[in-house]
Amino acid sequence: MGPGALPAWLQPRYRKNAYLFIYYLIQFCGHSWIFTNMTVRFFSFGKDSMVDTFYAIGLVMQLCQSISLLELLHIYVGIESNHLLPRFLQLTERIIVLFLVITSQEEVQEKYVVCVLFIFWNLLDMVRYTYSMLSVIGISYTILTWFSQTLWMPIYPLCVLAEAFTIYQSLPYFESFGTYSTKMPFDLSIYFPYVLKIYLMMLFVGMYFTYSHLYSERRDILRVFPNKKKM
């Protein structure tokens, strides 16, 4: 180490990687706990466990999804090398469905689709955060790289369908209870079920855009990865 050189642990790149590793580790532990809890409960109580999925793990799911908003900041400041808009669309889908739809309507929380949706979300996130956590410290496995870049292909469209079905099932409750619907000055009003119906259409447009981006990203990563292994 030359005069005036910083120790390795003080160098900006090291601090960035250490921070990202801790962030990915926290998310991995959170989503692994959720998935393990749901699995154990299902084998212990069968279909009955699906009804109170939200009551059992909803708080941890809300925490994990809230923390995931940091990823937008990571991308914006350059800590993570990713595209902002596709990630924004993915996070927006979850935040709207989880906080505005599921959390606000107790009747929706008891639907089977909530359990199915949480399973899909956690499957994707456990693999993604495992891959990201190892990549940031320079560890890569061919099978994990392929799996992380392939699992989303069938699961992500199923996630969107489950999100859309969750919104569809919530509409009667929003219409009955008037949640988030409000009157504004000048005889204007916001009728939230109409907002959700418009968002349903946007959801599938966003899915097409995000799927196209993820497919291009997968093609580029799997094209480069074999060359890295040969070096």
Grab every C-alpha pair in the range 7-94, bin the distances at 10 angstrom width from 0 up to the longest one, and report whole percents.
15, 35, 28, 16, 5, 1
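Report, to the nearest whole %, how much of the accessible area of the chain belongs to carbon and sulfur atoms, 1.4 Å probe, protein only.
Looking at the chain in its full context, I get 69 percent from C and S.
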Quick one: P(r) of the range 26-161 from all Cα-Cα pairs, 5 Å bins, percents rounded to integers, in order of increasing distance.
2, 9, 18, 22, 22, 14, 8, 4, 1, 0
Dipole magnitude (debye, nearest 20) for the chain, charges at Cβ of Lys, Arg, Asp, Glu
1120
If you count only protein heavy atoms and use a 1.4 Å probe, how large is the accessible surface of TRP33, to the nearest 10 Å²?
120
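Rolling a 1.4 angstrom probe over the protein heavy atoms, how many square angstrom per residue are accessible across the range 106-211?
Each residue of the range 106-211 exposes 54 Å² on average to a 1.4 Å probe.
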Virtual spin-label span in nm between THR182 and LEU222, 7 Å along Cα→Cβ
4.7
Area of HIS74 that stays accessible when all protein chains are in place (1.4 Å probe, Å², to 10):
0
Top positive-direction residue, dipole computed over the chain with Cβ charges, set THR210, PHE120, GLN65:
THR210
So, with +1 on the Cβ of K and R and -1 on the Cβ of D and E, and no other charges, what is the size of the charge dipole of the range 61-166 about its Cα centre, to the nearest 20 debye?
260
Roughly speaking, what % of Cα-Cα pairs in the chain are separated by over 32 Å, rounded to a whole number?
29
Determine the order of GLU107, GLU163 by accessible area, beginning with the largest, at a probe radius of 1.4 Å.
GLU107, GLU163
What is the angle, in °, between the Cα long axis of helix 53-67 and the longest principal axis of the Cα atoms in the chain? Nearest 10 is fine, range 0 to 90.
50
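The values are calculated or read from the model by the stated rules, or taken from the named source; none is laboratory data. Because the structure is a prediction, the values reported are computed rather than measured. A quick note on method: Cβ atoms are made from the backbone with ideal geometry, for glycine too, and the neighbour counts reach across all protein chains shown. The accessibility values were calculated without ligands, DNA or RNA, using every heavy atom of the protein model including side chains. Shrake-Rupley method; radii C 1.70, N 1.55, O 1.52, S 1.80 Å.
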